[in-house]
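What follows draws every value from the coordinates through simple rules; no lab data is involved. In this text the structure is predicted, and so the values were computed from the model without any measurement. Cβ atoms come from the backbone with ideal geometry, glycine included; neighbour counts cover every protein chain shown.
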Amino acid sequence: MLRPIEIKPLPGYRLFVRYSDGVAGEVDLSNLVGQGVFAAWNDVRVFEQASIGSSGEIRWNDQIDLCSDAIYLQITGKSLEELFPKLRGVSANA
C-alpha cells in the first residue's frame, strides 16, 4: 500500500505530498474551500494544520480527511485500475 510520508500545506490551498514509493507532487484543493466540512478551511490556519493520520489518510481534524490514494491518482495521472490492477474486469454492479 502506498502511503504518504510527507505533506506540506502551500499557499493557495495547495498541498505537497510525498509517497513511500518516491512519487511527489502538488494538488490544488482550492475548489473544496467553503463546501460542506471544508468550510473550516475558510480560516486558512485550519488548512495549514494538515497531517498524516494513523491509517495513511491526509487529515486536518476528526471531521476532515482525504483519501491518500485519490491524491496519488491526481498527482500521477494514473487510473484506478493502474493503481489497483485487481480491479480490472470487476463489474461495477458486483
If the chain between Leu2 and Ser30 were fully extended at 0.36 nm per residue, the gain over the current Cα-Cα distance would be 7.7 nm
By the mean-Cβ-within-10 Å protection proxy, highest first, 53-60, 37-44 rank as 53-60, 37-44
Taking Cα pairs closer than 8 Å and at least 6 residues apart, the relative contact order of region 4-87 in percent is 22 percent
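How big is the Kirkwood radius of region 4-87, worked out from every pair of different alpha carbons and given in Å to one decimal?
13.3 Å
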At R0 = 35 Å the Cβ-Cβ FRET efficiency linking Gln49 and Glu81, nearest 0.05, sits at 0.55
Restricted to the chain, the DSSP antiparallel beta bridge percent, nearest 5, is 100 percent
Measuring from its Cα centre, the chain shows a charge dipole (+1 at each Lys and Arg Cβ, -1 at each Asp and Glu Cβ) which, in debye to the nearest 20, is 140 debye
